[in-house]
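Colleague: Below is a structure I'd like to ask you about.
The values are calculated or read from the model by the stated rules, or taken from the named source; none is laboratory data. Bear in mind the structure is a predicted one, so any value in this text is a computation, not a measurement. Note that we place each Cβ from the backbone using ideal geometry, even for glycine, and neighbour counts take in every protein chain shown.
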Amino acid sequence: MSTSAFADHYQCRSCSHRDLELIVDLGAQPLANSFLSRDELLRMEPTYPLPLLYCSNCHLVQIPPATSAHAIFSDYLYMSSYTRSWVDHARAYVDQVAGRFDLGPQSQVIEIASNDGYLLQFVCRKGIPALGIEPAANVAKLAEEKGVPTRVAFFGKDTARSLVAEGLAADLIVANNVLAHVPDLNDFVGGFAVILKSQGVATFEFPHLANLIGQTQFDTIYHEHFSYISLLAARNVFRRHSLRVFDVEKLPTHGGSLRLYVCRDDASHATSPAVDALIEEEKQLGLERLETFQNFAGACRRVKNNLMKFLIAAAEGGKVVCGYGAPAKGNTLLNFCGARADLIAFTVDRNPYKQDRFLPGTHIPILAPDEIAAKKPDYVLILPWNIKTEICAQMGHIRDWGGKFLVAVPELKLF
Ligand SMILES: [Zn+2]
């Protein structure tokens, strides 16, 4: 049974099934990274629907395409090398795969969405030929400056075919945190089948659906993330393109991720028992049952109701609440709740680009972190809950005036 009129208008990004089930409607939301200048507050602000849909045929959880991927990614501001722990993660990965798959000067490594060369720089240092594929020209330029050969392109079958025509084929393709961002999943995965050598390996990292559902991480849903992926759903996509998942690892990144190792169906890589074990675990978690997602929707609404009850009571009691951080996930949360500057006076962020701007949709002002000490709010709502320990340590001085920290996800908690 279809639960929403608009669900009928989309077909599954993976299997083309129609009649997708609406899990939860997060409302009309602006793009989560479109921070506003003071001038822009007076202009019309585009918003797009953000319904989370479930395909009962192939188990992919997804949002419909709201806007062009080109508009979102062609001038992308996020530079991977800004995040120290992410660079360390990349270095450890390169050491591991170079050993496991015996990569050397005779091999070819390709990375999709290679960003500023944060990962391929380590491949180059080992003397292994590398090529980055990166859609954002401004970011690709930074990679070239590091000595990482980079092609400005979106990856798909066409790009793969033109690389093959130039004589390129891959021993290893790296696709970290890109699968979830791809609007045309079959064209993207089909490209791997075109360019992978007969014994070549592709690895994919993406946030695991099990954590989104289990930890009520609904604020990680925004327009840049088209798919929310389980191994069950991923395996169905790869099978369609004669590719096989032969190993899987769990990673702590982004609130809990998976790394899949994929090869051609007929390649000689033996399938690890970890693959069937994780499929079994996902079935135990109910990631192939509609009921699981309906329960998740209830949990999302509880988060919203509890946060709003708290904020309204605080406002009526004359207390000042501010935010900490201006991450994309905070915007999904606040826009879903409808919490504006009358309830959250301001937020702060260390990124100077975001300071003196306003959160999209809610128009909450973003200030520098030392404004917290100046304004002494009663409560600080931590929006990037994944780094709450770090923030508590940095901002411990709020206790000097009796201030308290607060998180809303996975449930409301004061500390
Ligand atoms: Zn499907």
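Colleague: Out of (1) on the phi > 0 side of the Ramachandran plot; (2) under 26 Å from the mean Cα position of the chain (by Cα), the odd one out for PRO183 is which?
Modeller: PRO183 satisfies all of (1) on the phi > 0 side of the Ramachandran plot; (2) under 26 Å from the mean Cα position of the chain (by Cα) except (1).
Colleague: In addition: Checking GLU291 against (1) surrounded by fewer than 19 Cβ atoms within 10 Å (Cβ to Cβ); (2) under 18 Å from the mean Cα position of the chain (by Cα); (3) of a type outside the set (A, V, I, L, M, F, W, C); (4) assigned to a helix (DSSP H, G or I), only one condition comes out false. Which one?
Modeller: Going through the list (1) surrounded by fewer than 19 Cβ atoms within 10 Å (Cβ to Cβ); (2) under 18 Å from the mean Cα position of the chain (by Cα); (3) of a type outside the set (A, V, I, L, M, F, W, C); (4) assigned to a helix (DSSP H, G or I), GLU291 breaks only (2).
Colleague: May I ask you to verify whether HIS269 is more than 16 Å from the ligand (Cβ to nearest atom), of a type outside the set (A, V, I, L, M), at pLDDT 95 or above and surrounded by 14 or more Cβ atoms within 10 Å (Cβ to Cβ)? I'd like the intermediate steps shown before the answer.
Modeller: On the way: more than 16 Å from the ligand (Cβ to nearest atom): yes; of a type outside the set (A, V, I, L, M): yes; at pLDDT 95 or above: yes; surrounded by 14 or more Cβ atoms within 10 Å (Cβ to Cβ): yes.
Criteria met by HIS269.
Colleague: Somewhere in the stretch 128-146, is a residue out of contact with any helix residue (DSSP H, G or I) (no Cβ under 6 Å at 6 or more places or on another chain), of a type in the set (D, E, K, R) and under 24 Å from ARG244 (Cα atoms)?
Modeller: no
Colleague: Since HIS59 meets every condition but one in (1) at pLDDT 95 or above; (2) of a type outside the set (S, T, N, Q); (3) part of a strand (DSSP E or B); (4) within 16 Å of the ligand (Cβ to nearest atom), which condition does it not meet?
Modeller: Going through the list (1) at pLDDT 95 or above; (2) of a type outside the set (S, T, N, Q); (3) part of a strand (DSSP E or B); (4) within 16 Å of the ligand (Cβ to nearest atom), HIS59 breaks only (3).
Colleague: State all residues of the stretch 302-329 that are surrounded by fewer than 20 Cβ atoms within 10 Å (Cβ to Cβ) and without any contact (Cβ under 8 Å) to a residue 60 or more places away in the chain; if no residue qualifies, say none.
Modeller: LYS304, ASN305, MET308, LYS309, ILE312, ALA313, ALA315, GLU316, GLY317, GLY318, VAL320
Colleague: Quick check, is PRO365 closer than 24 Å to GLU45 by Cα, within 25 Å of the chain's Cα centre (by Cα) and free of Cβ contacts under 8 Å to residues at least 60 places away in the same chain?
Modeller: Against the criterion (closer than 24 Å to GLU45 by Cα, within 25 Å of the chain's Cα centre (by Cα) and free of Cβ contacts under 8 Å to residues at least 60 places away in the same chain), PRO365 qualifies.
Colleague: Quick one: PHE405 ticks every box in (1) aromatic (Phe, Trp, Tyr); (2) in a loop (DSSP other than H, G, I, E, B); (3) modelled with pLDDT of 95 or more except a single one, so which number is it?
Modeller: (2)
Colleague: Look at the stretch 330-361 and say how many of its residues are buried (at least 23 other Cβ atoms within 10 Å of the Cβ) and closer than 16 Å to LEU31 by Cβ.
Modeller: Number of matching residues: 10.
Colleague: Taking only the stretch 222-252 into account, find how many residues are under 12 Å from the mean Cα position of the chain (by Cα) and over 28 Å from GLY27 (Cβ atoms).
Modeller: So the count comes out to 0.
Colleague: Another one. Would you check if there is a residue in the stretch 337-352 being closer than 29 Å to ILE213 by Cα, part of a helix (DSSP H, G or I) and in contact with a Lys or Arg (Cβ under 8 Å, 6 or more places away or on another chain)?
Modeller: Checking the stretch 337-352: at least one residue is closer than 29 Å to ILE213 by Cα, part of a helix (DSSP H, G or I) and in contact with a Lys or Arg (Cβ under 8 Å, 6 or more places away or on another chain).
Colleague: From (1) closer than 24 Å to ARG244 by Cα; (2) β-branched (Val, Ile, Thr); (3) at pLDDT 95 or above, pick out the condition that doesn't hold for THR150.
Modeller: Status for THR150: all satisfied but (1).
Colleague: Right, another one. Looking at the stretch 19-50 only, could you name the residues that are within 16 Å of the ligand (Cβ to nearest atom) and at pLDDT 90 or above?
Modeller: LEU20, GLU21, LEU22, ILE23
Colleague: Just wondering, is there one or more residues in the stretch 166-178 that are over 10 Å from ILE110 (Cβ atoms) and in contact with a Gly (Cβ under 9 Å, 6 or more places away or on another chain)?
Modeller: no
Colleague: Just to be sure, is TYR222 aromatic (Phe, Trp, Tyr) and within 16 Å of the ligand (Cβ to nearest atom)?
Modeller: no
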